[in-house]
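A short worksheet on the structure shown next.
The values are calculated or read from the model by the stated rules, or taken from the named source; none is laboratory data. Quick caveat, the model's predicted, so the values are computed rather than measured. Using ideal geometry, Cβ is built from the backbone for each residue, glycine included, and neighbour counts are taken over all protein chains shown.
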Amino acid sequence: MDVLQNEILKKFGQHIKELRLKSGLTQDDVVLNSSKITKATISDIENGKRNFAFTTLIDLAKGLNVLPKELLDFEMD
C-alpha cells in the first residue's frame, strides 16, 4: 500500500471513530448492530490498518446506524 492510501485509510478510520463516539456507541455495540463485523475489524478500520470490501462498508453503516454515504463524508486533503 502506498503512502496516499495509508493516509486515506487513517483519515477514514478517524471519521468512523468520530461517528461512533458521536452516536454514543462502543465497538461492541457496532458488532451487535451489524452481526457481520468483528470487534477486531472495527478496531483495524478505526486505526487505518484495514482496507476492506464494499460489503463491509454496508455492514459498518448498519452497525453505526447511519447511511453508507455518511461514512464517505470526510475530508481527504
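Observations
- Scope region 1-55; condition under 18 Å from MET76 (Cβ atoms) and of a type in the set (Gly, Ala, Ser); matching residues: GLY13, GLY48
- The set of residues in region 15-31 being of a type outside the set (S, T, N, Q) and either crowded, with 16+ Cβ neighbours inside 10 Å or touching a helix residue (DSSP H, G or I) at 6+ places or on another chain (Cβ under 9 Å) (or both) consists of HIS15, ILE16, LYS17, LEU19, ARG20, LEU25, ASP28, ASP29, VAL30, VAL31.
- Residue match in region 42-63 (condition: farther than 25 Å from ASP2 by Cα, in a loop (DSSP other than H, G, I, E, B) and not aliphatic (A, V, I, L, M)): no
- Checklist (1) over 21 Å from ASP2 (Cα atoms); (2) assigned to a loop (DSSP other than H, G, I, E, B); (3) more than 12 Å from the chain's Cα centre (by Cα) applied to ILE37, failing item: (3)
- Taking the criterion of being among the polar types (S, T, N, Q) and in a loop (DSSP other than H, G, I, E, B), the residues of region 1-26 that qualify are SER23, THR26.
- Options SER43, SER34: the member that is at pLDDT below 95 and surrounded by 14 or more Cβ atoms within 10 Å (Cβ to Cβ): SER34
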